[in-house]
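Beneath this line is the structure, given in structure tokens, with notes to follow.
The values are calculated or read from the model by the stated rules, or taken from the named source; none is laboratory data. Note that the structure is predicted; figures quoted are calculated from it, not measured. Here the Cβ is made from the backbone with ideal geometry for all residues, glycine too, and neighbour counts use every protein chain on show. Only protein heavy atoms, including side chains, enter the accessible area calculation; ligands, DNA and RNA are left aside. Shrake-Rupley method; radii C 1.70, N 1.55, O 1.52, S 1.80 Å.
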Amino acid sequence: EKGGYRHFMLKEIYEQPRAVADTFLGRVSEEGIGIALEDAHRNDRDRAVQDAPSREEAATRAAAVHARYRPAWDAYHRARLAWLAGEAAARAAIAAEEAGQEPNMVAVLVAVADVARAYEAFAVVASGLTAPPPAPKGAHP
């Protein structure tokens, strides 16, 4: 199915950034990825501070959880920006094709490669979050 596009290739061009992102993350929506990361961050923070003996210790533990999630948030935002750039390259190629011009497929391929690298980096960083956080200082296993 051409999905409303004049040519099947236009449909494929437009869908490439999303297809690459979905392949790496196994998610359907960008919003869902951010929500899942936010939920995991909040749950880890809540677990870390729930039995803290003081407000200062709770703040220290919460800051440690935040520091642990910072690389994942940074990688997520880089991946999101790469996806947006890929989408823009795909739209530009479609517009060129529709105007009877030669689409810049090199720009689309470079953008798709950037999306793939960014999401792969995010997946690697995020997979490290599945390990339990380090125990707070002075805690006994």
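How large is the accessible surface per residue of segment 30-108, computed with a 1.4 Å probe and reported in Å² as a whole number?
The answer is 59 Å² per residue.
Carbon and sulfur atoms: what percent of the 1.4 Å accessible area of segment 45-112 do they account for?
Its accessible area is 57 percent carbon and sulfur atoms.
If I stretch the segment between residue 99 and residue 2 completely, what's the gain in nm (0.36 nm per residue apart, minus their alpha carbon distance), one decimal?
Difference between extended and current length: 33.1 nm.
Return the FRET efficiency for the residue pair residue 52, residue 117: r is the Cβ-Cβ distance, R0 is 35 Å, and the value is rounded to the nearest 0.05.
Between residue 52 and residue 117 the formula returns 0.35.
Report the extension gain between residue 88 and residue 42 in nm, rounded to one decimal, defined as 0.36 nm multiplied by the number of residues separating them, less their alpha carbon distance.
13.3 nm
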